Structures are given as structure tokens and as C-alpha cells.
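Take a look at the structure set out below.
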Amino acid sequence: MKKRTSISDIFPVALFLIFTFSVMFFVIISVQLYRSIVKHSGSAEDTDIAARYMVEKIRSHDELGNISVTDYMGHEAVRLDKMVKDQPYVTYIYVYNGTLRELYVEESELSNCTEDSGTEILEINDMDIEKISDDLLRFNFSGNDNNNSEAIVSLKSSPRD
């Protein structure tokens, strides 16, 4: 009968431990990489969604005099006016506290609203609005991780010369 050495006893255990730690290391690295990719792509998608959201909101309110670029409590905003059952309603879309917000309220109740009264839409760091001409608006959205999206909207209802 052959005599067993301590190396022959330790070798299978050591091989098992090396394999186990290698698999755990691979799984941990994979999870961190996946989280990083999801976080980065989610933030890039948020700015794109914000740009498309703004285009659709403007399209739905595109009537002469119903769209204006204004200030809402110190924040650059888009104001959308609409009559509902002979009552004037106003919508402000603005960025406050790292989120794109929409405030929709009857105009007479506007004085009761605060900066955080708007409904949170998306996580957006900043929104810049530039009025290129009477019928063109440019929106620049900045998201997390320095992702940016731009939308240029042509107002069909603007006055023509």
C-alpha cells in the first residue's frame, strides 16, 4: 500500500479553493461592470427621454400664444397655456433639485404653488432653453455622468411675417 503525503491531501482542497475564489472574483467584477453600464445607459436615456418629452408637450399645445419661455420661481421654464371648460390652466416645465418637473394647475391657483409643487418626471441636472427665432426653440438637457441631449422644436403656430 502506498503511503499518502500531506501534499496529496492538501492539493484537492487548495485546487477547490482557488477555483471557488476565481469564480467569486469573476462574479463580483461582472456585477460591478453590469451596474456601471446600466447606470450610464439609464442616465443617457433620461436626457433623450426629456428631449422627446419636451417635443411632445410642445406639439400638444402648439396654438398661437400658448407657448412661451419664461421664468418660474427663478428657474428657466416653458409655460404652456390651455383653456379647459372656460377656465385657464397653465403648465410649467422646469428643472428643480435635479429633476425635470411639470406643474399643471388652474391659473388662479398658481400663487399657492412652490418650486417643489411640480410632479417629478425624470432625473435631469439642467435644462437650457434658447429661443433661436420666433418659431424655433432649442432645448439642451444635461443628465448625470455628463450626458447631454438636444431638441430643436419648430412652432407651427408662431406668427408669420
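Each reported figure results from applying straightforward, stated rules to the coordinates on display, with no laboratory input. Note that this is a predicted model, so its numbers are computed, not measured. FYI the Cβ positions are ideal-geometry reconstructions off the backbone, even for glycines, and counts take in every protein chain you see.
Working note: Karplus 6.51/-1.76/1.60 with θ = phi - 60° gives the range 70-76 the couplings 8, 10, 10, 6, x, 10, 5 Hz, where Gly and Pro are set to x. Pairs of Lys residues in the chain, spaced 8 or more positions apart or belonging to different chains, with C-alpha separations under 27 angstrom: 9 in total.
As a proxy for reagent exposure, 35, 79, 101 were ordered by neighbouring Cβ count within 10 angstrom, fewest first; the result is 35, 79, 101.
Placing a pseudo-label 7 Å from each Cα along the Cα-to-Cβ vector at residue 25 and residue 145 gives an inter-label distance of 2.6 nm.
Of the GluC sites (Glu not before Pro) found in the range 50-105, those that fall in a DSSP loop while having at most 14 other beta-carbon atoms within 10 Å are 63.
Using only the C-alpha atoms, the convex hull of the chain corresponds to 180 Å³ per residue. Of the residues 31, 105, the one with the fewest other Cβ atoms within 10 Å heads the list, and the complete ranking is 31, 105.
In the chain, a dipole from Cβ-located charges (positive for Lys and Arg, negative for Asp and Glu) runs towards its positive end, and of 140, 95, 15 it is 15 whose Cα lies farthest in that direction. Rounded to the nearest Hz, the phi-derived 3J(HN,Hα) couplings of the range 20-36 under the Karplus curve 6.51 cos²θ - 1.76 cosθ + 1.60 (θ = phi - 60°) are 4, 5, 5, 5, 4, 4, 4, 5, 5, 5, 5, 5, 5, 5, 4, 4, 4, where x marks glycine and proline.
With the helix formula -39500 (n - 2.57) applied to DSSP H stretches of n ≥ 4, the chain reaches a computed 222 nm mean residue ellipticity of -13000 deg cm²/dmol. As a proxy for reagent exposure, 156, 57 were ordered by neighbouring Cβ count within 10 angstrom, fewest first; the result is 156, 57. A straight chain from residue 69 to residue 126 at 0.36 nm per residue would run longer than the Cα-Cα distance by 19.0 nm. Short-range pairs are left out: with C-alpha atoms under 8 Å and at least six residues apart, the relative contact order of the chain is 20 percent. The calculated FRET efficiency for the pair residue 104 and residue 32, based on their C-beta separation and a Förster distance of 41 Å, comes to about 0.50. Amide H contacts under 5 Å for residue 124: 99, 100, restricted to partners 5 or more places along the chain or on a different chain, H placed in the peptide plane at 1.01 Å from N.
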